[in-house]
Structures are given as structure tokens and as C-alpha cells.
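K.L.:
A single structure is presented below for examination.
The values are calculated or read from the model by the stated rules, or taken from the named source; none is laboratory data. A quick note: this is a predicted structure, and the numbers were derived from the prediction, not measured. Here the Cβ positions follow ideal geometry from the backbone for every residue, glycine too, while neighbour counts run over all protein chains shown.
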Amino acid sequence: MGKYLVREQYLSKIRAGRDDTGVIKVITGMRRCGKSVILELYAEELRQSGISEEDIIFINFKKFEFQKIKTSEQLNDYLHQRIDPNRIMYVLLDEIQDVKDWELSLSALNAEKNCDVYVTGSNSDMLSSQLATRISGRHTEVEVFPLSFSEYMEMHGYTDREKAFIEYLGCGGLPGVDPSRDQRYRQDYLQGVYNTIVVKDVLRHVNVSDPMKVEAIARFLYANIGNITSKSSVAEGTGIPESTVGIYMKAMEEAFLILPCDRYDMVGKKLFSTIGKYYVTDLGMRKAVLNIAAGTDISKPLENLVYVELLRRGYNVRVGCYRDSKVDFLAVRYDTMEYIQVCPTMMSDDTREREIKPLTRPKDNYVKIVLTLDRFGLGNENGILIRNVLDWLLE
């Protein structure tokens, strides 16, 4: 195989489930975010560890030799010919959602006691409906995101992190986007990926054929990342009935086009799942869809970038509300929590007071951080850490 960026964060999670034949490992994420390459790298790991080629069944349903497999029956026939019941077989199925009734095949594989199964898919509903119904409690998910900033720098050979960061904000983190190529070429690529997701993972999933409504909702949400949003506000802004908006937004979430962040009342200990903020999985795609000029859009994309990085690091994230104050993010992982504010610059006294004040309200000992692009004025201010966001992204 060719040279690829080794994304150890995901490989280690997949590797942890090796030889557990009772659990299917499901790798999900937006189309073109790198799931297929990660699966190929894992297959190569198996080979390097001494697993013979005959014991590895790798099916990429996009390749010529496997495009004839359209149904679970055809997939079952192929697998039945390859599986040896007398030894462990490693079955890797890439973008299995394109096979009709694929969940039946996974159920059959799970019934075989000697198959270590890994699958990729571009729609999170694989877990919440078909897969959960057929294989209840016998699967685990590894969610893959576009490249992190550190991965982006490594993949494209940057040494100047400020220059890399500007490109990262504009190009996004999909591995197929080369920042050295012409801007129009990059935008056309991202627009093409977006259109594919809309058609294959949104419209087909809700069984409708009206891309204009999805486009209107997506553009509204893309333009309002980081703003408090509800289905009713989207309906009002697009002129689409709220019931329809809800259906389409759910499908867009499951296709990883948008990422919800619910509000949490820190005083009343209540979660508000009907109103919160929405972010995008990839900022480059957002820029291409909205056709935003470079350098005109920093504050909300910076907040978006931090949110996705927190998810990438395994945090459960909410928008924090404390009486009349707001904390951008409450990030919970295991038994610890962090309060995080995001602000492009803290150089003015008014801005500094506005960003720090909400972090002084909670009277606990959890970490409180303000992330900024500033290089000056950093440090510890009465227990609140003021940090450069690039330092934080690269730590």
C-alpha cells in the first residue's frame, strides 16, 4: 500500500478489540474523513504481526472486483467461500452501508465464533437502528474525525504553525484536500463531497428527493455555527415547516454534516436538548458551501475548531449556562470536567473581563481555561488559565 499518515489515536482503539470475535468493531465518520485508510493500515498491521493473507478478508465495496456485491445474499455467498471455520478469520468490510440488508450479513458473521469483524460506515444511524436491532450490545464504535491540527501539520509537512493554522481554518481537515492546490480545485472537491453526503447519506436515508430543503437548512446552520439555535429558529429562518426541519436535521447529524451541542443549566443541573448550538464536522466544507472569503470569518470557526477537538479527545461537551452567564464549553471526560472559553483575542480590558467573568461563577476546583490566538497576556489569572489555542491544539 502507499504511504499514509498513521493515525495512532484511532488505530489504538481498533487494536484494543483484536481477537474479540463476539464484538463487531464499527468505524464511523463523515465520508472522506479517512476511515478506509485507517482500515487498510490496520489490515497491514495484521499482516505484519504474522496473520496470513488467507485469514484476512478485506472488502472495499468501491473497488471494481467487489462492486457486483449489492445484497446481503451476495455478500454471504462470497464470505461463505472464504471463511475457514477452523481458525480465526479477520473480516474487514469498508462502507458496508452500500450493501442492501447488510445488517443480516453482520448478524450471521457475529454468529460465527471465529470471525473478528471490522466495518466502516458513513452514517451513525447504523448503530442506533439496524445494527443495534440485529446485534444488540455486541458492537463497539470508533468515531473518526477529519485531521486534527497536529495531524494536518504532519501530513502536509508544515514547520510554520501560524501559516499552517490559517490554511487549516480555510481548507479543513479532510485528508483529500491538498492545501498546495488551486483554491477553486479545493472548493470543487469539498463541494463534491458535500453533494455526495447530501444525496447518499441524507436524502436517501429519509427517503425523499428534495435537495433544496436540505441545502437551505445546511446553509442556515453553517452560517450560524456557535449561535443558540432550535428547530423553530431554523424553520423561521428557512421557511420550512418545523416538523420537516427536525427530520432533515436528524439525518444531517447522522451523516456527520452537523454536530449538536446541547445547553446545560449549571445551577439547575438540567440538560436542554431542544435548544443549543450546532457546529460542523469540517470547516473547509462549510467555507466551500457558503463561499466565504478568506480572512473574514474567524471567531465562530475558532470556537467550532475547539469543539471538534474536544470531541476528538473523547470529551462529552455541553454549552454551559450559569444564571446570566455563559461558558462556551463544559467538557467532561471520566470523572473530571473543564470549563472552556474561546476568544480570538483578549487584548482589550472589556473583552478580557467578559470572557473571564463566567469562569469565576462556579465555585469548584475544576480546570478553567480561556483559549485565545494571543501570544501575550497568557498565564494563570486567579486560577483561570489563559492559553494560546495553537499550543493547546498541539499538546
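K.L.:
Can you pull out the residues in region 249-271 that are touching a residue at least 40 places away in the same chain (Cβ under 8 Å) and under 30 Å from THR360 (Cβ atoms)?
P.N.:
Listed by number, the residues that qualify are LEU259, CYS261, ASP262, ARG263, TYR264, ASP265, MET266, VAL267, LEU271.
K.L.:
List the helices (runs of 4 or more DSSP H) that sit entirely inside region 88-153 and contain at least 3 residues that are aliphatic (A, V, I, L, M) and either at pLDDT below 90 or more than 19 Å from the chain's Cα centre (by Cα) (or both).
P.N.:
Numbers: elements: 102-111, 125-128, 130-134.
Because the criterion is at least 3 residues that are aliphatic (A, V, I, L, M) and either at pLDDT below 90 or more than 19 Å from the chain's Cα centre (by Cα) (or both), the helices (runs of 4 or more DSSP H) in region 88-153 that meet it are 102-111.
K.L.:
Report, ordered by the first and then the second residue, all pairs with beta carbons closer than 6 Å, sequence separation of six or more or different chains, a first member in region 59-72 that is within 20 Å of LEU39 (Cβ to Cβ), and a second member that is in a strand (DSSP E or B) and of a type in the set (D, E, K, R).
P.N.:
Pairs that qualify, where the first residue is within 20 Å of LEU39 (Cβ to Cβ) and the partner is in a strand (DSSP E or B) and of a type in the set (D, E, K, R), are ASN60/ASP94.
K.L.:
Let me ask something additional. Kindly check whether there is at least one residue in region 207-216 that is under 22 Å from PRO301 (Cα atoms) and not charged (D, E, K, R).
P.N.:
Applying the first criterion (under 22 Å from PRO301 (Cα atoms)) to region 207-216 yields 214-216.
Add one more test, that the residue is not charged (D, E, K, R), and what stays is 214, 216.
Scanning region 207-216 turns up at least one residue that is under 22 Å from PRO301 (Cα atoms) and not charged (D, E, K, R).
K.L.:
Given GLY50, GLY34, which one is in contact with a Pro (Cβ under 7 Å, 6 or more places away or on another chain) and either of a type in the set (Gly, Ala, Ser) or loosely packed, with under 14 Cβ neighbours inside 10 Å (or both)?
P.N.:
On the way: GLY50 fails: in contact with a Pro (Cβ under 7 Å, 6 or more places away or on another chain).
Step by step, each of GLY50, GLY34 is checked, and only GLY34 is in contact with a Pro (Cβ under 7 Å, 6 or more places away or on another chain) and either of a type in the set (Gly, Ala, Ser) or loosely packed, with under 14 Cβ neighbours inside 10 Å (or both).
K.L.:
Please list, ordered by residue number, the strands (runs of 3 or more DSSP E) wholly in region 298-373 having 1 or more residues that are under 20 Å from ARG161 (Cα atoms).
P.N.:
Numbers: elements: 316-322, 325-333, 336-343, 367-372.
Fully inside region 298-373 and qualifying: 336-343, 367-372.
K.L.:
Has region 45-64 got at least one residue that is more than 24 Å from MET153 (Cα to Cα), modelled with pLDDT under 95 and part of a helix (DSSP H, G or I)?
P.N.:
There is at least one residue in region 45-64 that is more than 24 Å from MET153 (Cα to Cα), modelled with pLDDT under 95 and part of a helix (DSSP H, G or I).
K.L.:
Would you point out the residue of region 324-373, among those that are of a type in the set (Lys, Arg) and out of contact with any Phe, Trp or Tyr (no Cβ under 6 Å at 6 or more places or on another chain), that is farthest from ASN388 (Cα to Cα)?
P.N.:
To start, the set of residues in region 324-373 that are of a type in the set (Lys, Arg) comprises 326, 333, 352, 354, 357, 361, 363, 368.
Next, only the ones that are out of contact with any Phe, Trp or Tyr (no Cβ under 6 Å at 6 or more places or on another chain) stay: 326, 352, 354, 357, 363.
On the way: LYS326: 21, ARG352: 14, ARG354: 18, LYS357: 19, LYS363: 25 Å.
Only one residue fits best here, namely LYS363.
K.L.:
Working carefully through the options ILE240, ILE340, ILE292, ILE298, find the one that is of a type in the set (A, V, I, L, M, F, W, C), farther than 24 Å from VAL198 by Cα, in the same structural domain as ILE369 (by TED's automatic domain parsing) and free of Cβ contacts under 8 Å to residues at least 60 places away in the same chain.
P.N.:
Values: ILE240 fails: farther than 24 Å from VAL198 by Cα; ILE292 fails: farther than 24 Å from VAL198 by Cα; ILE298 fails: free of Cβ contacts under 8 Å to residues at least 60 places away in the same chain.
Testing whether each residue is of a type in the set (A, V, I, L, M, F, W, C), farther than 24 Å from VAL198 by Cα, in the same structural domain as ILE369 (by TED's automatic domain parsing) and free of Cβ contacts under 8 Å to residues at least 60 places away in the same chain leaves just ILE340.
K.L.:
So, of the residues in region 205-216 that are in a helix (DSSP H, G or I) and out of contact with any Gly (no Cβ under 9 Å at 6 or more places or on another chain), which turns out to be surrounded by the most Cβ atoms within 10 Å (Cβ to Cβ)?
P.N.:
Applying the first criterion (in a helix (DSSP H, G or I)) to region 205-216 yields 205-206, 211-216.
Remaining after also requiring out of contact with any Gly (no Cβ under 9 Å at 6 or more places or on another chain): 205-206, 211-215.
On the way: HIS205: 17, VAL206: 16, PRO211: 14, MET212: 8, LYS213: 18, VAL214: 23, GLU215: 15.
Per the criteria, the residue is VAL214.
K.L.:
Within region 283-296, is even one residue among the basic types (Lys, Arg) and more than 23 Å from TYR152 (Cβ to Cβ)? Show your work before the answer.
P.N.:
Applying the first criterion (among the basic types (Lys, Arg)) to region 283-296 yields 286-287.
Checking the rest, the ones that are also more than 23 Å from TYR152 (Cβ to Cβ) come to none.
No, the conditions are met nowhere in region 283-296.
K.L.:
What number goes with the only condition from (1) closer than 19 Å to LEU169 by Cα; (2) buried (at least 21 other Cβ atoms within 10 Å of the Cβ); (3) of a type outside the set (Ser, Thr, Tyr) that ARG219 does not pass?
P.N.:
Condition not satisfied by ARG219: (2).
K.L.:
Can you tell me which residue within region 271-297, out of those that are at pLDDT 95 or above and part of a loop (DSSP other than H, G, I, E, B), is surrounded by the fewest Cβ atoms within 10 Å (Cβ to Cβ)?
P.N.:
THR281
K.L.:
Quick one: in region 77-87, which of the residues that are surrounded by fewer than 16 Cβ atoms within 10 Å (Cβ to Cβ) and in contact (Cβ under 8 Å) with a residue 24 or more places away in the chain is farthest from the chain's Cα centre (by Cα)?
P.N.:
ASN86
K.L.:
Kindly indicate which of GLY246, GLY284, GLY314 is without any contact (Cβ under 8 Å) to a residue 40 or more places away in the chain, under 25 Å from GLU8 (Cα atoms) and assigned by TED's automatic domain parsing to the domain that holds SER233.
P.N.:
On the way: GLY246 fails: under 25 Å from GLU8 (Cα atoms); GLY284 fails: without any contact (Cβ under 8 Å) to a residue 40 or more places away in the chain.
Answer to the selection: GLY314.
K.L.:
Moving on. Within region 311-331, how many residues are in contact with a Leu (Cβ under 8 Å, 6 or more places away or on another chain) and buried (at least 20 other Cβ atoms within 10 Å of the Cβ)? Don't jump to the end; show me each part of the working.
P.N.:
Narrowing region 311-331 to residues in contact with a Leu (Cβ under 8 Å, 6 or more places away or on another chain): 311, 317-320, 327, 329, 331.
Applying the additional criterion that residues be buried (at least 20 other Cβ atoms within 10 Å of the Cβ) yields 317-320, 327, 329, 331.
Of the residues in that region, 7 qualify.
K.L.:
Which ones in region 157-187 are under 20 Å from GLU309 (Cα atoms), in a loop (DSSP other than H, G, I, E, B) and hydroxyl-bearing (Ser, Thr, Tyr)? Break it down into steps so the answer makes sense when it comes.
P.N.:
Looking only at region 157-187, we keep the residues that are under 20 Å from GLU309 (Cα atoms), and these are 158, 161-177.
Retained after the next criterion (residues that are in a loop (DSSP other than H, G, I, E, B)): 158, 172-177.
TYR158, the sole residue that qualifies.
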